[in-house]
Structure formats: structure tokens, C-alpha cells
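Below is one structure, written out as C-alpha cells; the observations come after it.
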Amino acid sequence: MASSGTFRETARRTEPYLIADWKILQKDTSKNRSKIKVTLKLYNQYTINHQGSRSGSIKITPGGTHNFTHSAARVSSGEKTWVLTEYEVWIDHKNDGTQTFKLDARFDINDLWWKSTKRTITTFSVSGSATLDKIERGSTLNSVEINNSTIQSGQTRIITVDISKPNNLYNDILQIFDNGKWVTEWSELSNGRQQLTMTSSDIEKIINTMETSTSKELLVRFSSRDKSNTSTVIGDFTYSTLNVNLSTSSSQPKISSVSISIHGSGRDSNLNQYIQGKSRASVSFSVEPGSGATLVNVNATMRDGKDVSFGSFNSSDNTYSGTTPIINGSGDIVIRLTATNSRGETTSSTRLINVTPYSSPIINNFTIERVSSSNKINVKYSGSYTTLGTTSDYYRSTNNNTLRIALKKKSSSDRTFSQIGSTTNITSGSSFSTSTSYSDFSQTDSYEFKLEVRDDFGTVVSETSVSTGKVLLSLNQDIGVGIGKYHENGVLDINGEVYVDGLLKTSMLVTSSANVDSLRAKNSINTDSTMSATSFLASNYVTAGLILAKNRLRVNGADAIVSGSNNNGMYIKFYDGTLICCCKVLGIKYRQNTTHKFPHTFIEEPFATVTARRPGGYYNVTVMIQSITNEDIKIGAGHDNIKDINAEVIAIGRWKK
């Protein structure tokens with residue numbers, strides 16, 4: 001046994017030959033297999049004309065086949081080893097953990113090779129066999145027996161097993177099944193013979209299924225499992241059987257023909273699963289009073305938090321039938337059937353129904369927000385729901401509960417909700433979350449939204465709303481009024497242009513300071529009178545564009561019109577974003593472009609016009625715009641008889657969006 005090795009092609013004197021190195025990369029104990037890597041190489045010690053693409057193959061038995069191509073682009077002289085390809089493959093081991101594999105590799109080269117005389121070499125091949133390191137396997141169940149095959153309620157039984165345990169790497173588990181249903185199990189079993197106890201509760205589970213026969217065959221399943229993950233089986237299951245029979249007194253009442261099923265034909269019945277908070281059980285059975293006696297009491301109860309009686313007895317045919325209330329618990333729910341005869345002898349029989357835990361979908365978060373200055377909304381929601389499975393193995397299950405999510409809207413003018421987009425269906429996982437956007441939601445309208453989350457058994461709804469995105473009038477009692485927006489600042493808070501017919505009068509509070517004879521606040525109120533009070537109210541009037549007092553016209557705290565100048569010219573900025581720049585460009589030479597920077601930067605390329613100023617009485621003087629950016633303009637002269645030409649530039653664009 002080995003974890004690595006090398007196969008070499010039988011050397012043909014001094015000619016090239018193949019080398020195949022192999023090694024174990026990984027052992028998969030649970031699946032009883034090894035992963036190996038093969039590196040195929042070509043060795044040459046003289047001259048070979050290996051140019052172009054050549055093909056070959058590696059076959060691993062058992063394992064697989066790997067076809068490859070190898071390319072080279074030169075004549076190689078002297079000793080050299082080419083790596084032609086690498087191949088990784090899983091090899092299954094035998095049941096005892098051993099395995100031998102065979103390697104067959106070839107490389108079709110068909111190139112010139114020479115030591116002293118040139119000749120064509122065609123195909124190389126190499127083969128060999130190797131035995132892999134053994135993979136440790138699980139334990140062996142040699143025998144299993146029960147001390148007393150006649151079982152009775154309230155008693156225990158001893159199970160004796162004999163196990164051959166070659167190592168202590170795994171967790172050995174013995175399980176008992178009754179007609180496919182799990183009864184009990186023991187884990188961490190030791191080597192050799194040992195005794196295991198079946199409790200009275202385990203015996204009762206078996207007796208509860210013996211309504212039509214007094215004998216039963218139990219299935220024994222033995223396996224070795226990974227200690228860190230008991231769902232991983234090492235090797236195969238080992239099966240055996242135990243035969244048991246029931247001991248009863250003929251004088252006691254006898255309960256038979258017990259039938260328990262899911263009530264109705266709903267989704268729970270379709271899945272063949274009792275669902276917590278949704279399912280009910282239909283129960284029926286027959287009763288015999290025992291020799292010489294009569295029945296005095298027959299009853300059925302369900303243990304769901306507390307004992308709940310249900311159903312009724314029909315004395316004409318000694319049958320009992322009924323339907324349980326909705327089952328609120330989960331897991332194993334006990335249904336107990338009881339019959340008492342005139343001698344005071346009582347027989348009871350219990351049945352276990354397994355109820356799948358379930359709760360209705362939960363919406364943890366549902367928010368909708370408007371996107372500023374847009375007709376879009378952002379939608380976010382998240383939640384969880386219960387997955388339901390159909391048990392196919394003791395350790396495995398698959399989901400059978402589909403979640404359906406629908407988002408609906410209703411504007412202030414709508415009478416009913418309408419769905420947004422298509423329904424989202426979720427069939428895996430136990431949670432959901434979404435963050436997305438939708439368009440076409442008017443800013444002047446408010447909306448109600450409803451999130452409906454529905455699975456196969458329940459529906460949950462969450463509602464929210466958004467107000468208008470644009471507000472025409474907002475009244476903030478005793479504080480102020482907002483026009484075109486929500487009120488936030490001052491007495492009158494306006495968003496948008498203001499048109500006034502008539503005189504617009506504004507006031508401001510001017511504060512004086514000690515030993516100051518006159519107040520001359522820049523862009524504010526000018527007065528030459530000495531004020532005796534510390535402050536006074538000054539009024540100014542704005543009409544037809546004329547400011548009668550030195551006070552700036554401002555919108556939302558910003559100047560409506562701002563102007564300025566620098567060495568590059570003059571500019572005027574308007575509150576709505578319009579920007580006008582004027583500048584003079586001097587000394588433009590013929591065939592020598594002049595670049596001039598604007599006195600203020602635009603946010604994008606502006607519209608511009610250029611006019612030539614006629615120097616010295618010349619006619620037909622022209623200038624041309626060569627290029628424009630948001631920062632400057634490039635101008636060229638169009639008259640070769642004039643050394644220097646002056647130009648005047650006007651550019652109009654935007655300084656903000």
C-alpha cells in the first residue's frame with residue numbers, strides 16, 4: 001500500500017520516454033474513496049523538434065479517462081523534462097477499504113528526434129499498477145437477540161448484541177424500526193457482546209401498532225457514523241430482524257380496528273402531514289367487552305397540553321368515532337383509547353401522531369420610501385416562514401411549503417388595491433428579504449401599500465403608506481405656512497419661483513453697537529442717524545427689479561442674482577442655475593490659437609459666441625472658435641494681414657443642475 005509513486009516507460013536506449021508520478025490528494029472516508037493526482041511528463045536528453053500541438057490520454061482503472069493536448073513552439077536541445085498534463089480523479093475502494101488501480105498513458109508526438117542521426121518518433125506509452133492506502137471501515141454487527149419475545153405493557157426487554165469494532169474512529173448506532181417507524185436507538189456502542197435495554201415506553205410504541213395481529217417483526221438497523229456528523233454513514237447499513245408477540249388476557253376488553261387519519265382533504269392531507277395549528281385527526285375503532293362482560297365506558301382523549309375528550313360511542317355496533325379539535329402542539333401527540341367492562345377491567349391503547357411544527361409567515365420589516373425629486377419608491381421587506389418536509393429518511397427531509405409574496409398599492413383616488421409586478425414564489429430556505437424600486441408614483445398623490453405573504457396554510461398582511469412627494473400648501477399651526485413644500489423655516493417657507501403683482505415690503509432688525517454714530521451694514525440698511533436704542537426695524541421695498549434699500553433679494557437663504565469679475569472677465573449667476581460670462585480676448589495671432597479661461601466655471605460645455613473687434617480700420621476680420629470646455633474657450637484668427645486681433649466672448653450655460 002502506498003500514498004504516492006512513479007511509473008516510468010521502459011527506456012529505449014537514449015530516446016525520450018514518459019514518466020507518470022501519482023499521489024493521493026484526499027481521502028473521503030464516508031464514501032470510501034480516494035482522490036489521486038497524476039502528473040504525466042516527457043523526458044528527453046538530446047535534441048527533439050517538438051513544435052505545435054500533440055495529443056495524448058491517461059486512463060485510470062477504476063476511475064476514468066483524461067484526454068489532453070500539449071503544445072510546444074521550439075526545437076529543444078539538451079536534457080529537458082516537459083510536464084504534459086495533470087489529471088485528478090476519484091477512485092472508489094472495495095467494501096473492505098482496499099483498492100488497486102491501473103494506469104495506462106500515451107502521448108502521440110510524431111516529431112523529429114536525433115542524437116546523431118535524425119529520425120521520426122511517434123508514440124510514447126507508460127503503464128503500471130499500484131495499491132492505495134487502505135481506508136478504515138466501520139464496525140460489524142455479528143448478532144442481535146431479545147431475551148423474551150413475548151411483550152406486555154409496562155415491561156422492559158433486554159437486547160443483546162455482539163459487535164466487532166476494529167477501531168474507535170466512529171460512532172456505532174443500533175436502531176429499532178416498527179413498520180418503517182423509528183422506535184428507539186443506542187449509540188456509542190463498544191466492542192464485543194453488550195446488553196441494551198428497551199424501556200416500557202419503547203415496548204408501548206410497538207404494542208400500540210399491534211391492533212390487527214399479536215405478532216410483529218421488528219427491523220434492526222446497524223451503522224457506523226462520523227462522530228462529528230452522525231448523518232454521515234461509514235460504509236453500508238447492516239440489517240437484522242427481531243420477532244415479538246403480544247400477551248393479552250382474553251377476559252379484558254379488546255380495542256381493535258383502530259384508524260387514525262388526517263381529517264378532511266386539505267393541504268395537510270395532501271402532504272400526509274399533521275400540521276400544528278391547522279390539522280385535526282379523525283379517529284375510529286371497535287371495542288369487544290371480553291367474555292361474559294358488558295361495556296360500561298368507552299372514551300378517546302388527545303393529550304394536547306391537557307387531555308381533551310372527543311367523539312362518541314355507538315353501542316349498537318360497539319364502535320367509536322370522532323374528530324379531534326385543531327391540534328395546537330407539535331411533535332408526538334398521544335391519542336389514548338380506553339374501554340372499561342362491567343368487571344371493572346380496563347384496556348387502554350395509545351397511538352402517537354407526529355405533528356409538524358408550523359407557524360404562519362412572519363413579516364419582520366416592511367418599509368416604503370419615496371426617492372427624493374422622483375416618481376420612484378424604494379421597497380424593503382423581510383420575514384420568515386415555516387418549511388415543511390416529507391420524511392424520506394430518518395435524517396433527511398425536503399420542503400413542501402411554497403411561499404407566495406404579493407405587493408399591492410392603492411392611491412388616494414383608488415377604491416381597491418392593485419398588484420405591483422408579479423407574485424414572488426419561494427420554495428427553499430426559511431426566510432425572505434427584498435430591496436427593490438418601482439416607478440410611476442405621482443409626487444402629488446399619496447399611496448397605501450399592502451404586503452401579502454401567503455404559504456400553503458396561512459396568510460399575513462402588513463400595510464403602510466407614503467404621503468405626497470410634492471406639497472402645494474402646508475399649514476403648520478401657529479408657526480408658519482409652506483408653499484410648494486412642507487413648512488420647515490420661518491413664517492413663510494416657499495419652494496419655487498415667486499411672482500408678485502404690487503409692492504413687496506420686507507423688514508429687518510438692525511442692531512447697533514456702543515459708540516457707533518452710523519450703521520452701514522454691507523448689502524443691508526444704510527442710515528446716518530445716531531440711534532439711541534440698541535435696535536430698530538428698517539423696511540425696504542422691492543418692485544419691478546428695483547431695490548429701494550440696499551438689501552439683497554434672496555431665495556431659500558441664497559442670493560437670487562450674484563455677479564462678479566476677475567482678470568478673465570465678468571459673470572452673472574442666477575438662482576435657477578443660469579450663468580452668463582463676458583470677456584475680452586486680446587492679441588489673437590494668425591495660425592496661433594489663444595486659450596482663454598472663463599471668469600466662472602460652468603458645470604458643462606456652454607453655448608458661446610465670439611465677435612472680432614476691427615483693429616486699425618481693417619475689414620473682413622474674423623475669429624473662429626476652435627474648441628469649448630466648461631472652463632475655457634480656444635479661439636483662432638482668420639486674417640493673415642493683421643498681426644493681432646481682439647475678440648469679445650459671450651458664453652451662456654449653467655453653474656448648477
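What to note about this one:
- Against the empirical curve 2.2 N^0.38 Å, the C-alpha radius of gyration of segment 88-203 lands at a ratio of 2.12.
- R0 of 56 Å, Cβ-Cβ distance N179-V481: FRET efficiency to nearest 0.05: 0.10
- Pairs beyond 29 Å (Cα-Cα), from K59/K118; K94/K165; K23/K80: K59/K118
- Highest to lowest packing among 240-246, 221-227, scored as the average C-beta count within 10 Å: 221-227, 240-246
- Per residue, the convex hull volume that the Cα atoms of segment 334-463 enclose (Å³): 152
- Gained length - N272 relative to V308, 0.36 nm times residue gap less alpha-carbon distance: 10.6 nm
- Sorting R415, R33 by the number of Cβ atoms found within 10 Å of their own Cβ, with the fewest placed first, yields R415, R33.
- Distance between modelled label sites at N354 and T98, nm, 7 Å Cα→Cβ extension: 4.1
- Going from the fewest other Cβ atoms within 10 Å to the most, the residues E185, E9 appear in the order E185, E9.
- Surface/4 estimate of mean projected area, convex hull on alpha-carbon atoms of segment 176-293, nm²: 11.3
- Over segment 4-132 - Rg/Rh using Cα atoms and the Kirkwood inverse-distance radius: 1.05
- Both radii were evaluated on the Cα set of segment 256-379; the Rg over Rh quotient, with Rh as the Kirkwood radius, amounts to 1.32.
- Counted over segment 559-654 with a bin width of 5 Å, the fraction of Cα pairs per bin, in whole percents, is 3, 14, 25, 21, 15, 11, 6, 3, 1, 0.
- Relative exposure of V298, V334, judged by other C-beta atoms within 10 Å (fewest first): V334, V298
- Using the Cβ-Cβ distance between D445 and T609 with R0 = 56 Å, the FRET efficiency computed as 1/(1 + (r/R0)^6) comes to roughly 0.80.
- Note on segment 60-141: Kirkwood hydrodynamic radius from all Cα pairs is 16.3 Å, rounded to one decimal.
- Taking label points 7 Å from Cα along the Cα-to-Cβ direction, S187 and E88 give a separation of 3.2 nm.
Laboratory data are not the source of any read-out in this text; all were calculated from the coordinates shown. None of these values were measured; they are calculated from a predicted model. Positions of Cβ are generated from backbone atoms using ideal geometry, with glycine treated the same way; all protein chains shown enter the neighbour counts.
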